[in-house]
Amino acid sequence: MRSFDTYRHIVVLTGAGISRSAGLATYRGPGGLWTDEDKAKLSDVAALRARPEEVCGMFWTFRNAIVAARPTEAHRALAAFEQRLPAGTSFTLLTQNVDGLHQAAGSRNVCELHGSLRTWRCEACGEAVQPVGDEAPRHCGALMRPGVVLFGEMLGVETERTMKHALRECDLFVGIGTSGTVEPAASLVRWAQLNRARTVIANLEIDDGMRALYGETHAGESDALVPKLFA
């Protein structure tokens, strides 16, 4: 099988499964954050307007867990792979995660599809900060909001542009730690297929939806699979 480093326009999509061994909860799997109905409701933009203290308090708790986490073997393997690619190769890491662990591991070309919990911003004036301390930050007399895309919000314009540009000439698309079958992730692999790209998914479990979308599937823990696939 052709080695990943022989491709020239590589796109990797990561989901919560890659951060699972760092002690961070997944979203929709067993015990995932959004399986809790109350948490899911507080993750909607409408809740931010109606119950800002509760929403910001919940996401501040998530943020504290993220700050304490460290990159996994899978994060480090992706960073090392990117750093040794030959000149002229494009590598774009699209992540659904908001934990910043790819950057902490040394990955350079990272596009955070859903924003980052390491950044908070003021709804009134747009000021953005990377907070320190034990309490959620305030600005313009109100709590700052988490810098993430909530349910009911659109992806950022620059995010959309980066994503589409990366997929335009993609010849290898790899999904890691994500089902890859929920929008917008499902559209990403379909766009890659339009270029006749090789499509690969590595996830803890592989279902029929993944088999239908991806040409190649690998079941198992990200920390075991990613270092081998990106060797």
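Of all residues in region 136-165, count the ones that are in a strand (DSSP E or B) and more than 19 Å from E183 (Cβ to Cβ).
7
Return the pairs, sorted by first residue and then second, in which the second residue is among the aromatic types (F, W, Y), the first residue lies in region 12-31 and is at pLDDT 85 or above, the beta carbons are less than 6 Å apart, and the residues are 6+ apart or on different chains.
Sorted first by the residue in region 12-31, then by its partner, the pairs are A16/Y27.
Of all residues in region 169-180, how many are over 21 Å from R2 (Cβ atoms) and either more than 18 Å from the chain's Cα centre (by Cα) or among the small types (G, A, S) (or both)?
2
Could you count how many residues in region 70-121 are more than 15 Å from the chain's Cα centre (by Cα), touching a residue at least 40 places away in the same chain (Cβ under 8 Å) and assigned to a loop (DSSP other than H, G, I, E, B)?
The number of residues fulfilling the criteria is 6.
Anything in region 12-59 that is assigned to a helix (DSSP H, G or I), surrounded by 14 or more Cβ atoms within 10 Å (Cβ to Cβ) and of a type in the set (D, E)? List them, or say none.
Within region 12-59, just E54 meets the criteria.
Does region 207-221 contain any residue that is touching a helix residue (DSSP H, G or I) at 6+ places or on another chain (Cβ under 8 Å), in contact (Cβ under 8 Å) with a residue 60 or more places away in the chain and not in a loop (DSSP other than H, G, I, E, B)?
No: region 207-221 contains no residue that is touching a helix residue (DSSP H, G or I) at 6+ places or on another chain (Cβ under 8 Å), in contact (Cβ under 8 Å) with a residue 60 or more places away in the chain and not in a loop (DSSP other than H, G, I, E, B).
Can you go through A192, A186 and tell me which one is out of contact with any Gly (no Cβ under 9 Å at 6 or more places or on another chain), assigned to a helix (DSSP H, G or I) and of a type in the set (A, V, I, L, M)?
A192
When the residues of region 81-129 are filtered to those that are buried (at least 18 other Cβ atoms within 10 Å of the Cβ) and among the aliphatic types (A, V, I, L, M), which remaining residue is farthest from V12 (Cα to Cα)?
L117
Determine, yes or no, whether T178 is in the same structural domain as F4 (by TED's automatic domain parsing), farther than 20 Å from H114 by Cβ and either hydrophobic (A, V, I, L, M, F, W, C) or in contact with a helix residue (DSSP H, G or I) (Cβ under 9 Å, 6 or more places away or on another chain) (or both).
no
Would a scan of region 114-126 turn up a residue that is over 27 Å from L229 (Cα atoms) and in contact with a Phe, Trp or Tyr (Cβ under 8 Å, 6 or more places away or on another chain)?
Yes: region 114-126 contains one or more residues that are over 27 Å from L229 (Cα atoms) and in contact with a Phe, Trp or Tyr (Cβ under 8 Å, 6 or more places away or on another chain).
Any residue at all in region 123-135 that is modelled with pLDDT of 95 or more, in a loop (DSSP other than H, G, I, E, B) and closer than 19 Å to S43 by Cα?
No, because not a single residue in region 123-135 is modelled with pLDDT of 95 or more, in a loop (DSSP other than H, G, I, E, B) and closer than 19 Å to S43 by Cα.
The values are calculated or read from the model by the stated rules, or taken from the named source; none is laboratory data. As the structure is a computational prediction, the values presented were derived from the model and not from experiment. Heads up, the Cβs are rebuilt from the backbone with ideal geometry, glycines too, and the neighbour counts pull from every protein chain shown.
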